[in-house]
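A quick write-up on the structure given underneath.
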Amino acid sequence: MQFTVQQIADALGAECQGDTGLTIVRAAEPGDAGPMDLAMAMAPKYAEALSNGDARVAVLWENADWQALGLRAAIFVPRPRMAMAGITAMLDRGQGIEPGIHPSAVIDPTAEIAPNASVGPLAVVGARVRIGSGAIIGAHCVIGTDAVLGDNAVLREMVSIGARAQIGDRFIAQPGARIGSDGFSFVTPEVSGVENVRKTLGDQGDAKAQNWLRIHSLGAVEIGDDVEVGANCTIDNGTIRNTCIGSGSKVDNLVHVGHNTRVGQDCLLCGQTGVSGSVEIGNNVVLGGQTGVVDNIFIGDGVIAGGGTKILSNVPAGRVIMGYPGIKMETHTDIYKAQRRLPRLTRDVEALKKAVFKQPPSD
Amino acid sequence: MQFTVQQIADALGAECQGDTGLTIVRAAEPGDAGPMDLAMAMAPKYAEALSNGDARVAVLWENADWQALGLRAAIFVPRPRMAMAGITAMLDRGQGIEPGIHPSAVIDPTAEIAPNASVGPLAVVGARVRIGSGAIIGAHCVIGTDAVLGDNAVLREMVSIGARAQIGDRFIAQPGARIGSDGFSFVTPEVSGVENVRKTLGDQGDAKAQNWLRIHSLGAVEIGDDVEVGANCTIDNGTIRNTCIGSGSKVDNLVHVGHNTRVGQDCLLCGQTGVSGSVEIGNNVVLGGQTGVVDNIFIGDGVIAGGGTKILSNVPAGRVIMGYPGIKMETHTDIYKAQRRLPRLTRDVEALKKAVFKQPPSD
Amino acid sequence: MQFTVQQIADALGAECQGDTGLTIVRAAEPGDAGPMDLAMAMAPKYAEALSNGDARVAVLWENADWQALGLRAAIFVPRPRMAMAGITAMLDRGQGIEPGIHPSAVIDPTAEIAPNASVGPLAVVGARVRIGSGAIIGAHCVIGTDAVLGDNAVLREMVSIGARAQIGDRFIAQPGARIGSDGFSFVTPEVSGVENVRKTLGDQGDAKAQNWLRIHSLGAVEIGDDVEVGANCTIDNGTIRNTCIGSGSKVDNLVHVGHNTRVGQDCLLCGQTGVSGSVEIGNNVVLGGQTGVVDNIFIGDGVIAGGGTKILSNVPAGRVIMGYPGIKMETHTDIYKAQRRLPRLTRDVEALKKAVFKQPPSD
C-alpha cells in the first residue's frame, strides 16, 4: 500500500505543493515520522515536533510555510479532522482477514453467502442466514439463524449476531459485540416493591418478597445502514417488536442498549453508555461516555449529554444536558458553582442567625 | 409452533371469549398484528392501534369490550406483565441450536454430558466437566475443567465457564458472559497510598510508589438454581472461598460482580451495575442500572437502589436509596430540590448580609 | 500439588512453629478448613472461626498464640495481604490448559511460536505473529497478524489481540479481553454541535444535523511487562501512534481505554472504569471502580480517584479526588456534608428573611 502526495491530496480534494510525486507508505506523528511517512501536523503546535523526525512530507494547516519547516512537499487542509478521516481510510492496512471462506468455518447448507464475501476461521453461520456482497466475517463470529447482513459488512472476531437480526449495508462490528442478546425483563406475580417505588419515589409499600418470572424476547434487532458497534457492546432483542438502531449511528465499546429501544439516525453513543429498555432516541443525539438512560422515556433530536449524565426523564429536542439527574448544562454549572460556595454560605447563614436572632451557631 | 386462543388462555389460567379455536403463530404489537398474530393490547392506550393492524385476536385488560374493538376473540388478563411472561415463553422460537453434540465440538473424554444435552459447534468442554440433562450449550462456549452445570441450562454462544464453577439447574447465560474470571486483587509490599486514603478519607500520607503483587483466585464461582446472567457480564472467582449468586437472581448485561461477593436469592442486578469484592448482598435486592457498590460492605434484604446509585457504605434491609453517595431516596430528593434553589438561596443570603451587616455582596 | 508447612513458610520468608512437616494441599477459610488445608486466619476476628473447622495448620498474625487455638502448626505473617500473594501463587491450580499446540488450533504457517508455548483448542494465530517462551494461549483466542506476545503470557479463553499489537512479558488476560479494537473517532464535514458545546459549555450554536465520517485507527496497542487485563475489557488502537499501557499496570473487568491514551506504570484501573481517547495517565495512578475520564486531559503521577469519580479536567500529581466532577476528596466531603444540611439551611434563610425583611417565606 503506497500513494504519492498528489494521490492523497486528490483523494482529499486538498491542495498540495512541492515534490508531489514523493511516495508515502504510512501516516505518523510529526516527531516519529521517517522519510516514507506522511507527518500529521495540522496545527502549528504539532509542527514544532517535525524537527525531531525525518519527515519529508506533512499534512499542514492552510497557508502554512512548508518550506520553512524543512519539508519537500506538503498537503494543506482546512478542517484537520476531516482530513484525518480521508487519510486514515486510505492507509488502513486492516486486520489481514483472507478472502474466501475458511475451511474451518461451520456454515449451514441453507445459508446464502454472496460469492465475494469472506468468512474467517471457525466462524459459525446458521440456517437461512443471508450475507451480502463484499462482507468480511471475522474469525469466531457466530451468526444466528435467519439473520440478514447487508453488503460490505466488516465483523471483527467473536461478534455475535442473534437469530433473526436484520442489518443493513456497511455495518462494522468490533470484537465481542453482541447483537441480539435477550432483554432483561422480569415480573413478579404480585405488585413488587420496585413498582411501588416508581409510583411513590421512595416507598416500597408492603410488597412482599417474590420470585421473578422471565419475559422472553420474541423480537430481534434491526440495524440500518452505515452503523458501527463497539467492542463488547450489547444490544438486546425486543420483547414483541424489534430493538432498532437507525442508519448512520455509531455505538462505542461496552455500551448497552436495552430491549425495544429505538435509536434514531446519526447518533453517537459513547463508551460505557447504558440505555434501558423502551427508550425512544431521536436523530443526531450524542450521549457522552458513561451516560445512563432510564427506561420508557424519550430523548429528542439533537440532544447532547455530557459524560456521566444520568437521564431520568424526557429530554426535549436540542437540549444540552449534564449531571445526575441530567439537567440543562448551564443550570448544572450554576448549581455546581453554588455548591462549591456552600461551606462558606453555611458559615454566612450562621453569622446572620447570630446577628439577627442573637443565638449561637447551631453546629 | 402454533396454538389456539383456548390453549394460550388455558396456559395463562386466563379467561377468553369469542372464536377461541382460532390459531395463533406469533405475538405482535397491536398496530403490526396480522390475522395469525396475537395482538398485545393489555391497556386501552395500546388498543387504539388495533385498527391500524389486522389482528383477529388480542390480549386485553379485564372486562374490555373486545367486540367493539373489531376482534373475533380475546384473552383477558388482570396483570399484563405476568401474562407477557407466560405468552412469550410459549411463543419463543429460540436460537435454533440443533439437538445432539456437534461434531466440531472439542470435548474432553472425561467429561460427563447427559444423553439428552446439546453441545453446539466449536464448543470446548474440559476435563471432568458434568453437564446436566436437557442442557443446551451454544456455539463457541468454553467450559473449564471440573465445572458442573445443572439440568436444563441454556448457554448462548461464547459463554465462559471457569474451572471448578458449580452451577445449578435452569441456568441461562447470554452471549459472552464470563463466569469465573480471576479476581482483581493486588497488594504492595508496604502500605500503599490507597490504604492510607481509606483510613484518612483523603490523605495518601507518605506512601511511596510501589509495584503490585498479584493475589491469585483459588476459589471459584457458585451459582444457585434459576439464575440468568447477561451478555458480556463478568463474575469473578473468589480468593479462598467461592463467589456466590443465590437462586432466582438475575444479572443483566455488562454487570460486574467482584471476587468473594455473595449475592442472595431473587435479586436483580440491572445493566452495567458493578459490585466490588467481598460484598454481602441479601435477598430480593434490586440494584438499578449503573449502580456501583464499594467493597467489603453489606446490603440488607429487600434494598432497592435507583439507577446510577453509588453505594459507599452498609445499607440496612428494606431501604430505598439513590444518589452518589447513595442515601435514602426521599432524603436525596429533598437535597436535590434544595440544590435546584441554591443559586437563588445564595442571592438571598447576599441580600441579607447587605441588610444586616451593611456590607456589599462578596462575589 | 502439595507443600509442607515449612516449604510454605520458606517461600514467604515467614516464621513457622509446631509440626512444620505437616502437608498442605489447599487454602481455606478458617471455618471451612479440613485437616489438609491451610486456614487463612491472619487476624483475631478470623481466628475465632477456627473452632468451627478441622484445621491443623493456620496462617496467623505475628505473635499469635497458636497452641491456644488448638493448632498443630502455624505460620506467622506481618502483612497479611502480602502473604496472600505468596500463598495463593503457590496453591493456584490454574485452568487446566494442556501443554503443546492443540490440533484444532488454526495457526498461520508464518507464525513463530516458542517451542515450549501452549496453544489451546480452536485458537487462531495470524500471519507473522510471534509468541514467547512459556506462553499459554487459551481456547478460542484470536491473535491478529504481526502481533508480538512476550514470554510467559497467560491468556484465558476468547481473548482478542488485534493486528500489530506489541505486548511484553508475563502478560495476563482474562476471558473476553479485547486488545486492539478500533478507536471511536468520527467527524462531521462542518463544525458539529458537540464541538460548539465544548467551547461554550452548553450552547450548540446553529450547527446543523450531519453524518459522521469515520477516522480509522492506523495505530495499534503497546503493552509493557507484567500487565494484567480483566474480563471483557476493551483497549482501543491508536489513530496514528499506539495506545500504551505501561509496565506493571493492572486493568480490571469491563474497563475501557480509548484510542491514543497512555497509561503509565504500576497503575490500577478498577472495574468498569472508562478512559476516553488521548488521555495521559502518569505512574502509580489508582482509578476506583466506575471512574470516568474525559478525553485529552492529563492525570499526574500517584493520583487516586475514589469509586464513581468523573474526571473532567487535568489532575495534578499526588492528588486524591472524588465526585462528579472529580475534586479533592476533602473538598468533596465538605460540600457533601453541607448538602446534607441544605434543607435545614433553606429553612434558616427563610426565617432570616422573615425576621429581617418582614416578608413571608417564598415557598
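The values are calculated or read from the model by the stated rules, or taken from the named source; none is laboratory data. All values derive from a computational prediction rather than experimental measurement. Because the Cβ atoms are built from the backbone with ideal geometry, glycine has one as well, and the counts that use them run over all protein chains shown.
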- Message: Among the residues of the range A:60-71, are any touching a strand residue (DSSP E or B) at 6+ places or on another chain (Cβ under 8 Å), at pLDDT 95 or above and under 21 Å from C:Asp146 (Cβ atoms)?
- Response: no
- Query: Residue check: is C:Glu228 among the acidic types (Asp, Glu), facing another protein chain (nearest Cβ under 8 Å) and touching a residue at least 12 places away in the same chain (Cβ under 8 Å)?
  - Reply: yes
- Count - residues of the range C:294-326 that are charged (D, E, K, R) and under 23 Å from A:Ala305 (Cβ atoms): 2
- When you go through (1) surrounded by 21 or more Cβ atoms within 10 Å (Cβ to Cβ); (2) under 20 Å from C:Gly289 (Cβ atoms); (3) facing chain C (nearest Cβ under 7 Å) one by one for B:Met158, which number turns out not to apply? (2)
- Got at least one residue in the range A:329-339 being assigned to a loop (DSSP other than H, G, I, E, B) and within 22 Å of B:Met322 (Cα to Cα)? no
- Message: Within the range B:315-328, does at least one residue satisfy the condition of being surrounded by fewer than 24 Cβ atoms within 10 Å (Cβ to Cβ) and touching a residue at least 60 places away in the same chain (Cβ under 8 Å)?
- Response: no
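To keep it simple, each residue is scored yes or no on (1) assigned to a strand (DSSP E or B); (2) in contact (Cβ under 8 Å) with a residue 40 or more places away in the chain; (3) among the charged types (D, E, K, R).
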{"site": "B:Ala9", "(1), (2), (3)": "no, yes, no"}
{"site": "B:Gly34", "(1), (2), (3)": "no, no, no"}
{"site": "B:Tyr46", "(1), (2), (3)": "no, no, no"}
{"site": "B:Phe76", "(1), (2), (3)": "yes, yes, no"}
{"site": "B:Arg81", "(1), (2), (3)": "no, no, yes"}
{"site": "B:Met84", "(1), (2), (3)": "no, yes, no"}
{"site": "B:Thr88", "(1), (2), (3)": "no, yes, no"}
{"site": "B:Ile97", "(1), (2), (3)": "no, yes, no"}
{"site": "B:Pro103", "(1), (2), (3)": "no, no, no"}
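Yes/no matrix, rows are residues, columns are (1) out of contact with any strand residue (DSSP E or B) (no Cβ under 6 Å at 6 or more places or on another chain); (2) crowded, with 17+ Cβ neighbours inside 10 Å; (3) closer than 30 Å to C:Ala351 by Cα; (4) small (Gly, Ala, Ser):
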| position | (1), (2), (3), (4) |
| --- | --- |
| A:Gln290 | no, yes, no, no |
| A:Asn296 | yes, no, no, no |
| A:Asp301 | yes, yes, no, no |
| A:Gly306 | no, yes, no, yes |
| A:Lys310 | no, yes, no, no |
| A:Thr331 | yes, no, yes, no |
| A:Pro343 | yes, no, yes, no |
| A:Arg347 | yes, no, yes, no |
- Note on the structure: When the range B:257-282 is checked residue by residue, the ones that are surrounded by fewer than 24 Cβ atoms within 10 Å (Cβ to Cβ) and closer than 14 Å to B:Arg319 by Cβ are B:Gly282
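Which residues, counting only those in the range B:238-256, are in contact (Cβ under 8 Å) with a residue 24 or more places away in the chain and either within 10 Å of chain A (Cβ to nearest Cβ) or surrounded by 24 or more Cβ atoms within 10 Å (Cβ to Cβ) (or both)?
Residues satisfying the conditions are B:Gly238, B:Thr239, B:Thr243, B:Ile245, B:Ser247, B:Gly248, B:Ser249, B:Val251, B:Asp252, B:Asn253, B:Leu254, B:Val255.
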- Item | Condition met for B:Thr200 (at pLDDT 95 or above and among the hydroxyl-bearing types (Ser, Thr, Tyr)) | no
- Task: Take the residues in the range C:257-300 that are among the acidic types (Asp, Glu) and free of Cβ contacts under 8 Å to residues at least 24 places away in the same chain, then tell me which one is nearest to C:Ala231 (Cα to Cα).
- Result: C:Asp266
- Message: Looking at the structure I just gave you, is A:Leu201 without any contact (Cβ under 8 Å) to a residue 12 or more places away in the chain and hydrophobic (A, V, I, L, M, F, W, C)?
- Response: yes
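Is it fair to say A:Asp301 is more than 19 Å from C:Ser192 (Cα to Cα) and assigned to a loop (DSSP other than H, G, I, E, B)?
no
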- Give just the number: which of (1) touching a Pro at 6+ places or on another chain (Cβ under 9 Å); (2) within 14 Å of chain A (Cβ to nearest Cβ) does B:Gln210 not satisfy? (2)
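Applying the selection to the range A:132-155, what residues are away from chain B (no Cβ under 13 Å), touching a Ser or Thr at 6+ places or on another chain (Cβ under 6 Å) and of a type in the set (A, V, I, L, M, F, W, C)? Please lay out each step first, then the result.
Step one: list which residues in the range A:132-155 are away from chain B (no Cβ under 13 Å), which gives A:132-137, A:148-155.
Narrowing the set further to residues that are touching a Ser or Thr at 6+ places or on another chain (Cβ under 6 Å) leaves A:136, A:151.
Passing the criteria: only A:Ile136.
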- Task: Determine which member of the set A:Val303, A:Val315 is more than 12 Å from chain C (Cβ to nearest Cβ) and closer than 30 Å to A:Gly224 by Cβ.
- Result: A:Val315
- Take the residues in the range B:75-96 that are facing chain A (nearest Cβ under 7 Å) and not aliphatic (A, V, I, L, M), then tell me which one is nearest to B:Gln6 (Cα to Cα). B:Thr88
- Any idea how many residues of the range A:148-169 are of a type in the set (Gly, Ala, Ser) and in contact (Cβ under 8 Å) with a residue 60 or more places away in the chain? 3
- Number of the exception - A:Ile321 against (1) within 11 Å of chain C (Cβ to nearest Cβ); (2) over 16 Å from the mean Cα position of the chain (by Cα); (3) assigned to a loop (DSSP other than H, G, I, E, B): (3)
- Query: For the range B:245-298, how many residues meet the condition of being farther than 21 Å from A:Gly292 by Cα and touching a Lys or Arg at 6+ places or on another chain (Cβ under 7 Å)?
  - Reply: 3
- Could you please find all residues in the range C:169-205 being more than 7 Å from chain A (Cβ to nearest Cβ), surrounded by fewer than 21 Cβ atoms within 10 Å (Cβ to Cβ) and small (Gly, Ala, Ser)? C:Gly205
- Item | Candidates A:Ala58, A:Ala27, A:Ala39, filtered to the one that is within 11 Å of another protein chain (Cβ to nearest Cβ), farther than 16 Å from A:Met82 by Cβ and either outside any helix (DSSP H, G or I) or of a type in the set (Phe, Trp, Tyr) (or both) | A:Ala39
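Go through the range A:267-287 and give me each residue that's part of a loop (DSSP other than H, G, I, E, B) and more than 8 Å from chain C (Cβ to nearest Cβ).
Across the range A:267-287, the qualifying residues are A:Cys267, A:Thr273, A:Ser276, A:Gly277, A:Ser278, A:Val279, A:Gly282, A:Val285.
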